[in-house]
Amino acid sequence: GQGDGKSKSSEAEQTAKADEVAESNISGDGSSTVAPILEGIVEEYSASHPKTQVSVGVSGTGGGFEKFINGETDFSNASRPVKDEEAAKLKEAGIDYTEMKIAYDGISIVVNKDNDWVEDLTVDQLKEIWTENGKNKKWSDINPKWPKEKISFYSPGTDSGTYDYFVNDILEGKDLVKNATLSEDDNVLVKGVESDKNGLGYFGFAYYLANKDQLKVVKIGGIEPTHETIKSGTYTPLSRPLFVYVKNKSVKENASMYNFMKYTIENAGEMAEAVGYVKTPDEDYKKDLESLEGLK
Amino acid sequence: MATKKLEEKTVQELIEQSQNQSSQLTEKLMPKLLFIAALVSVLTTIGIILTLVVETGEFFTRVSVWEYLFGKEWFPFSSTDPTYGIWPLLMGTLKVTGIAIIVAAPLGLAIAIYLSEYASDKIRQVIKPILEILAGIPTIVYGFFALTFVTPLLQHIVPSLKIFNALSPGIVIGIMILPMIASLSEDAMSQVPNSLREGALALGSTRLEVALKVVLPAALSGILSSVVLAVSRAIGETMIVSLAGGSTPKFDMQVTDSIQTMTAYIVQVASGDAGYGTTIYYSIYAIGFTLFFFTFLMNIAAQFLSKRFREGY
Amino acid sequence: MIQIEKPREIFQTNHLNVWYGEQHALKDINLSIKEKEVTAIIGPSGCGKSTYLKTLNRMVELASNVRITGDILYKEENILHKKYTVERLRTKVGMVFQKPNPFPKTIYDNVAYGPRIHGIKNKKMLDEIVENSLRKAAIWDDVKDRLQHHAYGLSGGQQQRLCIARCLAIEPDVILMDEPTSALDPISTLKVEELIQTLKQNYSIIIVTHNMQQAARISDQTAFFLHGEMIECSQTNKLFSSPADRRTGDYISGRFG
Amino acid sequence: MIQIEKPREIFQTNHLNVWYGEQHALKDINLSIKEKEVTAIIGPSGCGKSTYLKTLNRMVELASNVRITGDILYKEENILHKKYTVERLRTKVGMVFQKPNPFPKTIYDNVAYGPRIHGIKNKKMLDEIVENSLRKAAIWDDVKDRLQHHAYGLSGGQQQRLCIARCLAIEPDVILMDEPTSALDPISTLKVEELIQTLKQNYSIIIVTHNMQQAARISDQTAFFLHGEMIECSQTNKLFSSPADRRTGDYISGRFG
Amino acid sequence: MNLINQKEILHRIQSRVNLNRFVKGVFLVATLLVLAVLALLLFRLISQGAGHLSLDFLGNYSSRFAAKAGIKAALVGSILLMLVVAPVTLIIGVATAIYLEEYAPKTKLTNLIVINISNLAGVPSIIFGLLGLTVFVRGLMLGKSVLAAGLTMSLLVLPVIIVSSQEAIRGVPSDLREASYGMGAAKWKTILHVVLPAAIPGIATGCILALSRAVGETAPLVILGIPVIVYFLPTGLLSEFTALPMQIFDWAKRPQPEFQTVAAAGIVVLMVFLLLLNSLAVYIRYKYQKRY
Ligand SMILES: Nc1ncnc2c1ncn2[C@@H]1O[C@H](COP(=O)(O)OP(=O)(O)OP(=O)(O)O)[C@@H](O)[C@H]1O
Ligand SMILES: Nc1ncnc2c1ncn2[C@@H]1O[C@H](COP(=O)(O)OP(=O)(O)OP(=O)(O)O)[C@@H](O)[C@H]1O
Ligand SMILES: [Mg+2]
Ligand SMILES: [Mg+2]
Ligand SMILES: O=P([O-])([O-])[O-]
């Protein structure tokens, strides 16, 4: 950390010191999709603000909200908007919060490298493949030309925002195939598809990018997920926003929290790009900053 | 002589003088304090049982006991029709445990016999600490080893092996519990008095005959107890199966496919975390209770066996 | 006149030395053991009596770090020779220990153990061997009705006689006994002593004892050990009545030990 | 004519019975121990010698399931009385064990242990007690230059004398000794025996021994125990020359045990 | 007289001796096999992690860039965790052992405590995680702090230290106790001045074993929800923290293959840490061994 500090201008360092009031703790939890962005931000922030102690757990969006509701955390990362029940519980617990949109993610559909039959799927095909119908699905059920082999499914776990989004928006609330390997741990999914010729999986764009060479990405309606297609909104419906939910009270009472969140919003776009997601338009960040100022 | 007499008196007199109250109080108080410390372990058990029972009770207000005990499908994440049949998870646990025992019991016993009946003191003094090292390796390390080394290696031998499967974690858990079997069995066997070995050797027995006909029968319940304890360890093992076993509860006999054990399910839910108060949240306590129940039975069995064994002499 | 047959030698020890690591436990022992006699070995604690006995069936090698030099001839064959199989030796040279050590099995299985490991499986034959051995060990009447009972249910003296029976079952030539009565009560001691007297008609017996009266009562020949050396060995009544060495005299008159 | 002072009795045992669970280890023992004399207790293994000794300082109660009836008067006080504090008794009645059992501490700390736990902290005083006790135990010259060395560095005989010194440090009246020389070599045995002879000028000594010659050599009075009963107790030379009971005679002539 | 055919027996001996030799070989091979697995495991981990090991690795916080990722927070966290576990288990464990060995009457309650302890030793660690989550993290509101994790781990390893302390205390020759009682020392004094000093090596060994277990356990930490993105050192017992196995678990789960190397390096650090602890145990044992 120290080495990085030196490269920065001494002026920046001084302001950093100046707005660091005293020792303080900030605790966050939540989405594993958002975690890489926050990890980068916390890493950079901690280097210049050693007195502010930010810890971030990775319990998935749902798990994060659970702790947020319990009052255990100051902010919660989410890869989907807060659900109605969660919002109700938060209200019940008397926790006021603010939603910050910090980046976009494109859910990528991937298959094994040796899979030479699937190139492109329509949204309807996707739905047909992934919806539970009581049978063991074969590739040939979708397209008779494809092999008569059973598909192995890999999906993020039920508590992840990615799962929720996929089930709600693609499967329209129907059950996901039951014999899918579910895991909060995206590495599990990457490894699974990578090692299984009949593997089929989906997860955040960042994880696909990080393992580009081991996997083959499937086009959806002819569109491949890339920075451009996600940002421009052409990769639909599989691109989605990522959020940080901030506890208002924490920002009000803790100057460090304000500082940290400000830093987060200012740097989220850049950090998102660095770890493989896509910036939101600049207006979004401006709006986030304004609402943050409003909390102070 | 005169000074001696004087001194003689002084020592006993001094002793008489210093029979102080505070030390008598300490003597009275200490056993009570120590007893309280001893109760901590009992409180721990009570705490575990209470924690598990309360939340499990809540679980069974939502899911029928019948479904839980006899259902052959475990799919709590379904938004329309969640099912909570323990058998797929139980099956995953049994597969892994079975493989582990197949690996660990023969090897562990062979090592135990070698150490207690054949090896010289020197060799024993070298090998036992190495086994201890093996026993002291954290399970996360074994898990990593299973995932990044054993599974790829096995895939060369069994091409149909999935990246997550029962075989690899089973074998690695076997390696993990092996030292336990080896060293507890060795203890049981070396507790068989040397006089019996001498008696047998003096009749012209070979070492093998001594081991199989005298020592093993005498130490049998001790050995069984070590195996039962090892089974209990395998059932409760978490990190290895979490890393290398996968997360697909299935009710079948396949060992090359992804599975899920009871422990891995708890980790999955706890690190993903279903919302507080959902049925899924309570289900980990039900599973925890089941796990506790099984290992409890095993431990009782092990104790019974080893007690029976010790009564032999 | 009755012609007395001179007993042959069954064991001949020449320049025997035994070390446990650095400790020189037996020093240049030269001793002949006669066939079908009782030889007693006496001496204070730690003088090497047990070590000597255990060297005769090479059980001494069970301890780690043991080093042996010299010769021991058993029926003219050097048992310390590398190629000599100890299992063969030990079927010929049986041993009874200080503490009775029956196996945790039934009485029958205890006696049948030896024949069984030597490959005798015929049930009738085993029955016969068991009965015979128990009779010879003078314990048949005590146990004939409970052969299938556990051996640990017997008293100490009975257990010791069972161990003798177990040893007899494989029909050895020699029986080594290391303080066989020291863990027994007086009555059991008496029984075992009587038994030894009977057995000596068929077996050569070497007995270690700390009880000089016992040595005097039952042995034909007595050897006195001290600090790993054999001080003196002669006819028992001679050794006790007129010891050749002053130290023997001191010991048997209880001046030390 | 020199007037012989009749020794007073320091211990008086009346109808003493001790059970370990079901086992009746001591049966109706009546025995008086005289002050400043050496009383030897002999008898075969398991006859209750140690049990009797340990009852005198109530160490026997350390075993579980012990039951005691009868009286033991120490200086006219009944030590078996409930209210009698054992710690007080044991500071008066010291004990030396069969196996030398120094603490794993330095020689100095071993001897100073007793005074220290009884609250004597003064360094100078302790020094004096330690030297004095070591002198009395005839081991001062052996160890005076290495008081701060570990006690386990001493030989067995030295360790046993150290244990005696440790016991003397709290100035008891009586010293109980349970086969104090049986783990020692002849030379150490001799030294300890000589020491006992000296100590008897100031202390009453009760010694259990399995060595009848030893009992004959050092004791004034000898008691013979058998199967938990006291068969006979009289002047040592009388008991050995003309025992009143046939069993005593059998035992001392080595007919059993 | 001869029921036994001595010739035949002597004939058979050779084949029995040969069988014995063969089986001994088989057992030896089995033993070597296990040693080989251990060697393989260590070799594999070290060769995989070696490239990433450096002083920077010890001195840096974790990072999103594998090349920069370090283990500082986890290492300090684990040490702090030990500082909680050591005194808690030592006091409760040794006290329990003393009670059971020296004072406990032979009652049903005592028996229950004894059985309970050996049962507790067999309860899966993940269940202690559930207990800790309910009692310490939420019940006593300690949060995901060093203290909460430390107490959870303490309960988990308590049986280890109790059992080895019991053995150590039992191993103190009873004649030392008798010597002390024989001089009029009361019970607690005897325990304090004779029994405990003599039992120290065994107790220390047990304590270290318990600590190694506590340092290596992962499952309870996962259940407690110990965070992994931590760029600060814990400041106190109530501070949040991360620990070695948690950090390794996190790295091992990451999708970028370079992090596998980082995980392996983390494992090497963890193993060295445990090795140091164990050498300490061996040293203590060695130093006090020649005592009896
Ligand atoms: N396994 C061993 N390792 C090292 N030294 C030993 C071993 N066995 C015996 N010794 C030593 O060898 C010497 C002779 O021992 P041995 O057992 O032969 O004596 P013993 O005359 O039978 O004594 P006892 O009457 O006490 O049985 C003793 O000093 C003993 O300490
Ligand atoms: N702690 C105990 N529990 C049960 N029985 C015991 C205990 N201690 C001794 N005994 C029994 O009490 C009887 C007398 O034992 P004691 O130790 O007094 O004999 P001893 O004469 O000292 O024998 P030795 O010469 O072998 O030391 C023996 O039968 C013994 O088995
Ligand atoms: Mg001997
Ligand atoms: Mg005794
Ligand atoms: O961890 P998630 O981003 O999938 O909720």
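The values are calculated or read from the model by the stated rules, or taken from the named source; none is laboratory data. All of these numbers come straight from a predicted model, not from anything done at the bench. Positions of Cβ are backbone-derived with ideal geometry, glycine not excepted, and every protein chain shown enters the neighbour counts. When the accessible area is computed, the model is the full protein with side chains, heavy atoms only, and any ligands, DNA or RNA have been set aside. Shrake-Rupley method; radii C 1.70, N 1.55, O 1.52, S 1.80 Å.
Please compute, for peptide D:206-213, the average count of beta-carbon atoms on other protein chains lying within 10 Å of each residue's beta-carbon. Taking all residues of D:206-213 together, the mean is 1. For the pair segment E:263-281 and segment E:198-235, the centres of their Cα atoms are 12 angstrom apart. In this assembly of identical copies, the label point of residue D:244 (Cα plus 7 Å along Cα-to-Cβ) is separated from its counterparts by 4.7 nm, sorted shortest first.
Evaluating kT/(6 pi eta Rh) at 4 °C and 1.567 mPa s, with the Kirkwood radius of segment A:87-167 over Cα pairs in the Stokes-Einstein relation, gives 81 µm² s⁻¹. In a DSSP loop and with at most 13 other Cβ atoms within 10 Å, the trypsin sites (Lys or Arg not before Pro) in segment C:74-130 are C:82, C:83, C:121.
Counts of other chain beta carbons within 10 angstrom of each beta carbon in peptide B:298-308 average 2. Per-residue Karplus couplings for segment E:264-281, computed as 6.51 cos²θ - 1.76 cosθ + 1.60 with θ equal to phi - 60°, are listed in order as 4, 4, x, 5, 4, 4, 4, 5, 5, 4, 5, 4, 4, 4, 5, 5, 4, 4 Hz, Gly and Pro entered as x. Going by accessible surface with a 1.4 Å probe and the largest first, D:242, A:140 read D:242, A:140. Mean separation of Cα pairs under 8 Å and 6 or more residues apart, divided by the residue count, gives segment E:93-164 a relative contact order of 43 percent.
With the alpha-carbon atoms of the protein assembly as shown aligned to their principal axes, the span from lowest to highest coordinate is 128, 82, 58 Å, starting with the largest. The long axis of helix B:21-62 is offset from the longest Cα principal axis of chain B by roughly 10 degrees.
The residues neighbouring residue B:172, those whose beta-carbon lies less than 14 Å from its own, together hold a net charge of +2 under the Lys/Arg +1, Asp/Glu -1 convention. Farthest toward the positive end of the dipole of chain D, out of D:167, D:81, D:125, is the Cα of D:125, where the dipole comes from beta carbon charges about the Cα centre.
Interface of C with E. Using a 1.4 Å probe and counting protein heavy atoms only, the two chains hide about 1400 Å² of accessible surface, both sides summed. For chain E, the 222 nm mean residue ellipticity estimated from helices alone, with every DSSP H stretch of n ≥ 4 adding -39500 (n - 2.57) and the total spread over all residues, rounds to -24000 deg cm²/dmol. What's the center-to-center distance, using Cα atoms, between segment C:225-250 and segment E:67-146 in Å? Comparing the Cα centres of segment C:225-250 and segment E:67-146, I get a distance of 66 Å. Comparing Cα centroids, segment C:136-188 and segment A:164-188 end up 76 angstrom apart. Look at the stretch B:156-164: the mean tally of other chain Cβ atoms within 10 Å of its residues' Cβ atoms is 3.
Looking only at segment D:178-193, which residues have a backbone nitrogen under 17 Å from a spot 7 Å from the Cα of residue C:27 in the C-beta direction? D:185-187, by backbone N distance to the label point. What is the log10 of I(q)/I(0) for segment C:9-252, computed with the Debye formula using one identical point scatterer on each Cα and no solvent, at q = 0.18 Å⁻¹? Those come out to -1.39, one per q. Relative contact order of segment B:74-308, taken over Cα pairs closer than 8 Å and 6 or more residues apart, is 29 percent.
Along the axis of the charge dipole computed for segment E:55-291 (Cβ charges of +1 for Lys and Arg, -1 for Asp and Glu, origin at the Cα centre), the listed residues E:180, E:82, E:160 are led at the positive end by E:180. Rounded to the nearest 20, the Cβ-based charge dipole of the protein assembly as shown about its Cα centre (Lys and Arg +1, Asp and Glu -1) stands at 4940 debye.
Counting only aspartates and glutamates at least 8 places from residue B:213 when in the same chain, those with an alpha carbon closer than 14 Å to its own are B:117, B:198, C:109. Running a GNM on chain E with Cα contacts under 10 Å, which residue among E:192, E:244, E:233 ends up with the highest mean-square fluctuation? Fluctuation is largest for E:192.
Sorted shortest first, the distances from the residue D:198 label point to those of the same residue in the other copies are 5.6 nm; each point sits 7 Å from Cα along Cα-to-Cβ. Here residue D:71 yields copy-to-copy label distances, from shortest upward, of 7.5 nm, the label point defined as 7 Å from Cα along Cα to C-beta.
Three semi-axes describe the equivalent ellipsoid of chain E; taken as square roots of 5 times the Cα gyration tensor eigenvalues and ordered largest first, they are 41, 33, 18 Å. Percent of Cα pairs in segment E:135-254 per distance bin of 5 Å, from zero to the largest separation: 2, 11, 16, 15, 13, 10, 9, 8, 6, 5, 3, 1, 0, 0. With R₀ set to 25 Å, the beta-carbon distance separating residue C:141 from residue D:17 gives a calculated FRET efficiency near 0.10.
Legend: distances between Cα atoms for A:101/A:247; A:67/A:191; A:148/A:216; pairs beyond 23 Å are A:67/A:191.
Each of B:133, B:206, B:279 was scored by the projection of its Cα onto the charge dipole of segment B:74-308, and the greatest displacement toward the positive side belongs to B:206; charges sit on the C-beta of Lys, Arg, Asp and Glu. At the listed q of 0.15 Å⁻¹, the Debye profile of segment B:74-308, built from one uniform point per Cα, gives log10 I(q)/I(0) equal to -0.99. As an equivalent ellipsoid, chain A spans semi-axes of 38, 21, 16 angstrom, where each value is the square root of five times an eigenvalue of the C-alpha gyration tensor, largest first. Placing +1 on the Cβ of every Lys and Arg and -1 on the Cβ of every Asp and Glu, with nothing else charged, gives segment C:9-252 a dipole about its Cα centre of roughly 600 debye.
Charge dipole (Cα centre; +1 on Lys/Arg Cβ, -1 on Asp/Glu Cβ; no other charges) of chain B amounts to roughly 520 debye. Note on residue C:19: accessible area is roughly 50 Å² with a 1.4 Å probe, heavy atoms of protein only.
For the residue pairs C:34/C:121; C:27/C:92; C:36/E:7, the C-alpha atoms sit more than 30 angstrom apart in C:34/C:121. Charge tally around residue D:230: other residues with Cβ under 13 Å, Lys/Arg +1 each, Asp/Glu -1 each, net -1. Sorted largest first by accessible area at a 1.4 angstrom probe radius, with every protein chain in place, the residues B:137, B:101 fall in the order B:101, B:137.
With kT/(6 pi eta Rh) evaluated at 37 °C and eta = 0.692 mPa s, and Rh the Kirkwood radius from Cα pairs, segment E:2-52 diffuses with a coefficient of 226 µm²/s according to Stokes-Einstein.
Highest average first, the peptides D:43-53, A:108-118 ordered by how many other beta carbon atoms sit within 10 Å of their residues are D:43-53, A:108-118. Residues E:136, C:225, B:60, ordered by accessible area of protein heavy atoms at a 1.4 angstrom probe radius and largest first, appear as B:60, E:136, C:225. Just need log10 I(q)/I(0) for segment A:190-296 at q = 0.15, 0.16, 0.23 Å⁻¹, Debye formula, equal scatterers on the alpha-carbon atoms, no solvent, rounded to two decimals. Log10 I(q)/I(0), no solvent term: -0.75, -0.81, -1.21. Other residues lying with their Cβ under 13 Å from the Cβ of residue C:175 contribute a combined charge of +2, Lys and Arg counting +1, Asp and Glu -1. The mean sequence distance of close C-alpha pairs (under 8 Å, at least 6 residues apart), as a share of the length of segment C:9-252, puts its relative contact order at 28 percent.
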